[in-house]
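What follows is one structure encoded as structure tokens, with my remarks underneath.
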Amino acid sequence: NAERPIDRKELNLGEIKGFVDDLRNVTTDPIFIHLIGGEVFLRKDLFEIVSYIRDKEFGSSITTNGFYIDEEKAKEIVRSRLNGIFLSLDGFKEETHDYLRGVKGSYSRVMNAIELLDKYRGQNKGDRLSIGLTMTLMDKNLDEVRDLTEWANSNEKINDLFINACL
């Protein structure tokens, strides 16, 4: 009884717009559409998708590893009308995050992304980009959850913290 491979075809732009249109047709609730899966900045049409979602009066947020956020990308993110961005941070300690991500320097890129995004987002708290962190719990980082939580809660640049527990 062999397992069948999973078809992981990404939705194209038309399919995404159709989903957003269908959602708008069935609700007037203030829903957020969160874009996640792989690395969102690998999609060339990401900001077109965000714009379409926002034009339909939905909120929009993304999760990223922060790797692609440089000065120009931070400006583009803020201009995009994105409501929120969540940066994956899987360790309070640099060596833990880099180990879990498998790329040396990943932690530094997340910290730099926080600084750049905060630098360019608006000062009006009602409509400025929300910066959040998301941590996936694992044996390797379990003893760092409290330190990360305390740091995030005391950091004025961080608005949200999500901790994911995979069962």
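Our summary gives the chain a relative contact order of 18 percent, counting only alpha carbon pairs under 8 angstrom and 6 or more residues apart.
Separation of the stretch 108-167 from the stretch 30-64 is 19 Å, based on Cα centroids. Principal semi-axes of the equivalent ellipsoid, √(5λ) from the alpha carbon gyration tensor of the stretch 41-134, are 24, 14, 11 Å from largest down.
A protection proxy built from the mean count of other Cβ atoms within 10 Å ranks the segments 26-34, 151-159, most packed first, as 151-159, 26-34.
Solvent exposure of the chain, expressed per residue, is 63 Å² of accessible area, with all protein chains present and a 1.4 angstrom probe.
Positive-end ranking of Thr27, Ile16, Ile62 along the dipole of the stretch 1-97, with charges on Cβ about the Cα centre, is headed by Thr27.
Cross-link partners of Lys17 among lysines, defined as those whose alpha carbon lies under 21 angstrom from its own and excluding same-chain residues fewer than eight positions apart: Lys9, Lys44, Lys56.
Of Gly14, Gly59, Gly84, which has the largest mean-square fluctuation in a 10 Å C-alpha GNM of the chain? Among Gly14, Gly59, Gly84, the largest mean-square fluctuation in the Gaussian network model of the chain belongs to Gly14.
The values are calculated or read from the model by the stated rules, or taken from the named source; none is laboratory data. Treat the numbers as computed from the prediction; the structure is a model and nothing was measured. Every residue, glycine as well, gets a Cβ built from its backbone with ideal geometry; the counts of neighbours run over all protein chains shown. SASA here: full protein model, heavy atoms, side chains in, ligands and nucleic acids out. Shrake-Rupley method; radii C 1.70, N 1.55, O 1.52, S 1.80 Å.
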